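The values are calculated or read from the model by the stated rules, or taken from the named source; none is laboratory data. This one's a predicted model, so the numbers in the text were calculated from it and none came from an experiment. Don't worry about glycine lacking a Cβ; one is built from the backbone with ideal geometry, like all the others, and counts go over all protein chains shown.
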Ligand code: AVJ
Ligand code: FE
């Protein structure tokens with residue numbers, strides 16, 4: 001039981017669905033039809049696939065599963081099933097054309113909003129309806145694809161299609177400590193109360209975590225440059241064997257989108273080339289690069305449990321918060337989320353977002369690689385479909401925490417778990433490091 005008034009949840013679902021659709025529209029209207037159907041990278045779907053897939057998931061879970069409606073276009077389900085076709089193969093499928101995809105997604109949305117208005121969300125309902133779970137899940141799904149589409153925008157060649165104001169600067173002359181101390185002892189990990197928490201965040205359970213130190217901010221580009229300049233990419237000692245193989249095979253020498261020209265490090269960011277900023281969290285590094293940097297620095301990546309304890313545990317009350325700053329939802333003063341800015345804020349920004357341990361920028365800015373494999377919590381139950389989380393559990397995927405500037409706030413919280421392959425670099429991922437106390 002979430003204890004939240006169903007009418008509040010209905011309003012929240014509406015706001016989250018509308019916010020997601022505003023962003024989806026911008027991401028798909030800011031390039032021409034040729035770019036919507038093109039493949040900008042074999043790692044990504046054409047943008048027009050994401051658009052119709054968003055509509056198709058919404059149709060399946062809201063209109064059909066919750067509403068009991070007939071399929072609008074049953075013949076397209078297979079095209080938009082992520083497990084039937086690899087991303088690389090999607091451009092050659094008979095996909096809906098841009099105009100059809102837009103019409104389909106907005107047709108589904110119109111009916112879904114009617115359904116939201118008419119569906120009882122109280123405790124006595126079924127598991128999809130209760131507390132508006134299916135509506136919250138679908139809003140999260142669209143916001144996750146908005147992040148995926150922003151990755152496609154970052155990978156596309158050509159001049160900028162999107163712009164955004166700079167994120168806030170760190171305030172005053174406050175010197176942030178380089179690391180914070182988190183005392184040892186048990187804490188509550190995961191959640192059984194958050195109404196729209198996804199299956200992999202459940203259930204709440206106790207975890208014992210030994211005392212450790214954690215970087216107060218994500219590792220910056222400037223710090224990462226010292227690793228590069230110390231021949232970090234050329235020194236096998238720092239690398240996991242598969243990471244070293246990746247470095248050799250692809251000749252890696254810096255984060256994705258960086259290059260060195262006339263003695264200066266530059267990066268390409270949404271169609272603009274600019275100097276690498278020293279004190280901004282580093283982005284576009286794989287798990288292997290994060291892990292190698294940590295070893296070079298004489299440190300290690302935090303485990304997922306350490307990350308969550310530093311972010312949520314309140315030593316005064318002994319309970320775990322929804323967010324580092326407390327239980328209140330994110331605001332623009334607390335975290336860099338939702339594509340308001342198209343880059344992370346400098347280390348030390350968002351003082352109002354800090355955790356009781358004193359760590360900053362845990363939520364928003366950059367996804368943070370952890371040392372941990374993506375595994376189920378004790379008592380995990382797949383819901384509502386095995387393909388959301390369960391099929392990805394295992395040593396192949398590493399957990400990322402905290403969300404990036406690109407993810408919407410409904411899909412980001414202290415318990416939210418993301419995962420990816422350790423070789424992936426196109427995602428908006430950075431990291432921070434830890435050490436035993
Ligand atoms: C949780 C971000 C890994 O993008 O593959 C979207 C989210 N799942 N559609 C992904 C998701 C189904 C997922 N991640
Ligand atoms: Fe999806």
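Quick notes on this structure:
- Among the residues making up the stretch 263-303, none is in contact with a strand residue (DSSP E or B) (Cβ under 6 Å, 6 or more places away or on another chain), assigned to a helix (DSSP H, G or I) and surrounded by fewer than 22 Cβ atoms within 10 Å (Cβ to Cβ).
- Taking each residue of the stretch 48-59 that is over 17 Å from residue 19 (Cβ atoms) and looking for partners that are more than 10 Å from ligand 2 (Cβ to nearest atom) and outside any helix (DSSP H, G or I) with beta-carbon atoms closer than 7 Å, six or more apart or interchain, yields 48/95; 49/95; 52/95; 52/96; 56/77; 59/72.
- Within the stretch 132-156, residues that are outside any helix (DSSP H, G or I) have Cβ atoms under 7 Å from residues that are more than 11 Å from ligand 2 (Cβ to nearest atom) in these pairs: 156/35; 156/40, counting only partners at least 6 apart in sequence or on another chain.
- Matching option when the condition is over 20 Å from residue 145 (Cβ atoms), surrounded by fewer than 16 Cβ atoms within 10 Å (Cβ to Cβ), out of contact with any helix residue (DSSP H, G or I) (no Cβ under 8 Å at 6 or more places or on another chain) and without any contact (Cβ under 8 Å) to a residue 60 or more places away in the chain, among 379, 326: 326
- Of all residues in the stretch 370-382, those being over 19 Å from the mean Cα position of the chain (by Cα) and away from ligand 1 (no atom under 14 Å from the Cβ) number 5.
- Residue in the stretch 25-47 that is surrounded by the most Cβ atoms within 10 Å (Cβ to Cβ), counting only those that are within 16 Å of ligand 2 (Cβ to nearest atom) and either farther than 17 Å from residue 103 by Cα or free of Cβ contacts under 8 Å to residues at least 60 places away in the same chain (or both): 45
- Residue check, residue 79 within 16 Å of ligand 2 (Cβ to nearest atom) and either over 19 Å from residue 408 (Cβ atoms) or touching a residue at least 40 places away in the same chain (Cβ under 8 Å) (or both): yes
- Number of the exception - residue 164 against (1) within 15 Å of ligand 2 (Cβ to nearest atom); (2) closer than 29 Å to residue 271 by Cα; (3) surrounded by fewer than 18 Cβ atoms within 10 Å (Cβ to Cβ): (1)
- Filtering 139, 112, 134 for residues that are over 30 Å from residue 425 (Cβ atoms), surrounded by 20 or more Cβ atoms within 10 Å (Cβ to Cβ) and within 16 Å of ligand 1 (Cβ to nearest atom) leaves a single hit, 134.
- Failed condition for residue 357, given (1) at pLDDT 95 or above; (2) over 14 Å from the mean Cα position of the chain (by Cα): (1)
- Qualifying positions in the stretch 383-403 - in a loop (DSSP other than H, G, I, E, B), within 11 Å of ligand 1 (Cβ to nearest atom) and either free of Cβ contacts under 8 Å to residues at least 24 places away in the same chain or buried (at least 19 other Cβ atoms within 10 Å of the Cβ) (or both): 385, 389, 403
- From 179, 117, 169, 123, residue being away from ligand 2 (no atom under 16 Å from the Cβ), over 22 Å from the mean Cα position of the chain (by Cα), under 24 Å from residue 279 (Cα atoms) and surrounded by fewer than 13 Cβ atoms within 10 Å (Cβ to Cβ): 169
- Residue list for the stretch 75-92, restricted to those being touching a helix residue (DSSP H, G or I) at 6+ places or on another chain (Cβ under 8 Å) and farther than 23 Å from residue 386 by Cα: 91
- Which listed residue, of 160, 134, 112, is touching a strand residue (DSSP E or B) at 6+ places or on another chain (Cβ under 9 Å) and within 29 Å of residue 36 (Cα to Cα): 160
- Scanning the stretch 329-366 for residues that are outside any loop (DSSP other than H, G, I, E, B) and either surrounded by 19 or more Cβ atoms within 10 Å (Cβ to Cβ) or touching a helix residue (DSSP H, G or I) at 6+ places or on another chain (Cβ under 6 Å) (or both) yields 336, 353, 364.
- When each of 50, 77 is tested for being within 28 Å of residue 420 (Cα to Cα) and surrounded by 21 or more Cβ atoms within 10 Å (Cβ to Cβ), the lone residue that passes is 50.
- Elements of the type helices (runs of 4 or more DSSP H) sitting completely within the stretch 1-90 and holding at least 1 residues that are within 15 Å of residue 116 (Cα to Cα): these cover 6-29, 47-58.
- Residue count, the stretch 382-418 (criterion: in contact with a helix residue (DSSP H, G or I) (Cβ under 6 Å, 6 or more places away or on another chain) and within 30 Å of residue 258 (Cβ to Cβ)): 8
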